Amino acid sequence: MEKLLVTGASGFLGWNLCRIARDRWDVCGLARRNQNQPHGVELRRVDLTRFKEIRKNLREIRPDALIHAAAESSPNFCQLNPAASHVINVEATVYLASLCADLRIPFVFTSSDLVFNGLKPPYNEDDPVCPVSVYGEQKAEAERAVLERYPRALVCRMALMFGDAGQGGTSFIQPLINDMKNGRQINLFTDEYRTPVSAANAAQGILLALSKTNGIVHIGGLERISRFDFGKLMRDVAGVRNAKLNACKRQSIEMATPRPPDVSLDSTRAVALGFKPGPLRKELERLACVQELRDSVT
Ligand SMILES: NC(=O)c1ccc[n+]([C@@H]2O[C@H](COP(=O)([O-])OP(=O)(O)OC[C@H]3O[C@@H](n4cnc5c(N)ncnc54)[C@H](OP(=O)(O)O)[C@@H]3O)[C@@H](O)[C@H]2O)c1
């Protein structure tokens, strides 16, 4: 089996990637401090902002391919800490791409739909980037620099993802689940749209793209949906009849970070490669965390 190195292996996407990749790859994960170890995967502690450590670990592990899923992934943190987040989101990313270019092994960078301003959806790979937040700017800068340094690299622009997250990981549905369990009111926008994709599907899409192509590929779901409608779907799938969903407009809530209204991704290119994201309802039904929610309310 070839060896796949996954950075951010303790994070939400990395944990899911490790789970799915295990069938075909000998997977090794890197994480900074989190204990969220994917089952059956060796996890090494490495701070990716310490470049010497990266180089040393790559020499020891000798991977055949690397998927970079580590990031400072909170747009609010990036907005408030642009310098600190730049080191991991841009500098470490470009450094990893350079090492992979030198080693001549495939490199995958997980970027984001937030490189777009959300005014002209749906977005395909040829649309110019136009971020509205520091996080989006950092992702766009890293994409550019990675492809400049290593033109054969793969940039996967990920849509909003949801799914099981292991012990300590989280996606945007875990807080929704907690609020539903605890009967709290949940404010959800009716005028903010995404093309969410389950992390399991997203991981399959990344691995498929890694085996078939390079350049930029969009990995999103096939359904464009508002945050509010997604919440309603989850409520229905989990059978939480008394969930307190409050429909609201973006302008009614003050936000620390500018957010694009509609960054729906056109994933035709990935679909042409064989990417098959499932219907949202089916993907939600499959999740252990949603099944637990259903069990807790029945
Ligand atoms: N989640 C989404 O909906 C979404 C949407 C679009 C794009 N993305 C992109 O997809 C990728 C994965 O996102 P995610 O949601 O899985 O993020 P996440 O859950 O926040 O995980 C981030 C991972 O990065 C690691 N990390 C952060 N700083 C590090 C450092 N200095 N050194 C080593 N590791 C470090 C974390 O390790 P520790 O936990 O050990 O600190 C963690 O394993 C990111 O590139 C993100 O921008 C995510």
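Please go through segment 106-132 and pick out each residue that is more than 12 Å from the ligand (Cβ to nearest atom) and in contact with a helix residue (DSSP H, G or I) (Cβ under 9 Å, 6 or more places away or on another chain). Can you show your working first?
Taking segment 106-132 as the starting set, the residues that turn out to be more than 12 Å from the ligand (Cβ to nearest atom) are 106-107, 117-132.
Scanning segment 106-132 gives 106, 107, 117, 123, 124, 125, 129, 130, 131, 132.
Could you tell me whether residue 83 is over 20 Å from residue 154 (Cα atoms), at pLDDT 95 or above and of a type in the set (Gly, Ala, Ser)?
Details: over 20 Å from residue 154 (Cα atoms): yes; at pLDDT 95 or above: yes; of a type in the set (Gly, Ala, Ser): yes.
It is true that residue 83 is over 20 Å from residue 154 (Cα atoms), at pLDDT 95 or above and of a type in the set (Gly, Ala, Ser).
Select from segment 139-150 the residues that are more than 14 Å from the ligand (Cβ to nearest atom) and within 16 Å of residue 210 (Cβ to Cβ) and list them in ascending order.
Going through segment 139-150, the residues more than 14 Å from the ligand (Cβ to nearest atom) turn out to be 144-145, 147-150.
Once the filter is applied, which keeps residues that are more than 14 Å from the ligand (Cβ to nearest atom) and within 16 Å of residue 210 (Cβ to Cβ), segment 139-150 yields 147, 150.
Return the pair list, or none, for Cβ contacts closer than 6 Å from residues in segment 93-116 that are among the charged types (D, E, K, R) to residues that are not in a strand (DSSP E or B), at least 6 apart or on different chains.
Cβ pairs passing all conditions: 113/159; 113/263.
Please verify whether segment 213-225 includes one or more residues that are without any contact (Cβ under 8 Å) to a residue 60 or more places away in the chain, open to solvent by less than 60 Å² (accessible area, probe 1.4 Å) and within 17 Å of residue 161 (Cβ to Cβ). Walk me through how you get there before you give the answer.
Within segment 213-225, the first condition is being without any contact (Cβ under 8 Å) to a residue 60 or more places away in the chain, and the residues that meet it are 222-223, 225.
Restricting the remaining residues to those that are open to solvent by less than 60 Å² (accessible area, probe 1.4 Å) gives 225.
Within this subset, residues satisfying the condition of being within 17 Å of residue 161 (Cβ to Cβ) are 225.
Checking segment 213-225: at least one residue is without any contact (Cβ under 8 Å) to a residue 60 or more places away in the chain, open to solvent by less than 60 Å² (accessible area, probe 1.4 Å) and within 17 Å of residue 161 (Cβ to Cβ).
Would you confirm whether any residue within segment 138-156 is open to solvent by 30 Å² or more (accessible area, probe 1.4 Å) and in contact with a strand residue (DSSP E or B) (Cβ under 6 Å, 6 or more places away or on another chain)?
The answer is no, given that none of the residues of segment 138-156 is open to solvent by 30 Å² or more (accessible area, probe 1.4 Å) and in contact with a strand residue (DSSP E or B) (Cβ under 6 Å, 6 or more places away or on another chain).
Looking at segment 1-58, what strands (runs of 3 or more DSSP E) fall wholly within it and have at least 2 residues that are of a type in the set (Gly, Ala, Ser) and in contact with a strand residue (DSSP E or B) (Cβ under 9 Å, 6 or more places away or on another chain)?
On the way: elements: 3-7, 26-31, 42-45.
Correct list: 26-31.
Would you confirm whether any residue within segment 178-189 is in contact with a Cys (Cβ under 7 Å, 6 or more places away or on another chain), open to solvent by 40 Å² or more (accessible area, probe 1.4 Å) and at pLDDT 95 or above?
Within segment 178-189, one or more residues are in contact with a Cys (Cβ under 7 Å, 6 or more places away or on another chain), open to solvent by 40 Å² or more (accessible area, probe 1.4 Å) and at pLDDT 95 or above.
Name the pairs whose Cβ atoms lie under 6 Å apart, with the first residue in segment 190-203 and within 15 Å of residue 271 (Cα to Cα) and within 12 Å of the ligand (Cβ to nearest atom), the second of a type in the set (Val, Ile, Thr) and part of a helix (DSSP H, G or I), and 6 or more positions between them or separate chains?
Within 6 Å, the pairs are 203/20.
Is it true that some residue in segment 152-160 is more than 24 Å from residue 213 (Cβ to Cβ), out of contact with any Gly (no Cβ under 6 Å at 6 or more places or on another chain) and within 11 Å of the ligand (Cβ to nearest atom)?
Applying the first criterion (more than 24 Å from residue 213 (Cβ to Cβ)) to segment 152-160 yields none.
Among the residues of segment 152-160, not one is more than 24 Å from residue 213 (Cβ to Cβ), out of contact with any Gly (no Cβ under 6 Å at 6 or more places or on another chain) and within 11 Å of the ligand (Cβ to nearest atom), which makes the answer no.
Has segment 10-32 got any residue that is of a type in the set (Gly, Ala, Ser), under 16 Å from residue 202 (Cβ atoms) and near the ligand (Cβ under 10 Å from one of its atoms)?
Start the filter on segment 10-32 by keeping residues that are of a type in the set (Gly, Ala, Ser), which leaves 10-11, 14, 21, 29, 31.
Going one step further and asking which of them are under 16 Å from residue 202 (Cβ atoms), we end up with 11, 14, 21.
Filter once more, so that each one left must be near the ligand (Cβ under 10 Å from one of its atoms): 11, 14.
So far as segment 10-32 goes, yes, one or more of its residues are of a type in the set (Gly, Ala, Ser), under 16 Å from residue 202 (Cβ atoms) and near the ligand (Cβ under 10 Å from one of its atoms).
I need the helices (runs of 4 or more DSSP H) fully contained in segment 174-274, keeping only those with at least 3 residues that are not aliphatic (A, V, I, L, M).
Details: elements: 199-212, 227-238, 268-273.
Of the helices (runs of 4 or more DSSP H) lying wholly inside segment 174-274, those with at least 3 residues that are not aliphatic (A, V, I, L, M) span 199-212, 227-238.
The values are calculated or read from the model by the stated rules, or taken from the named source; none is laboratory data. Keep in mind it's a predicted model, so treat the numbers as computed, not measured. All Cβ positions, glycine included, derive from the backbone under ideal geometry; neighbour counts span all protein chains shown. Ligands, DNA and RNA are excluded from the accessible area calculation, which covers all protein heavy atoms including side chains. Shrake-Rupley method; radii C 1.70, N 1.55, O 1.52, S 1.80 Å.
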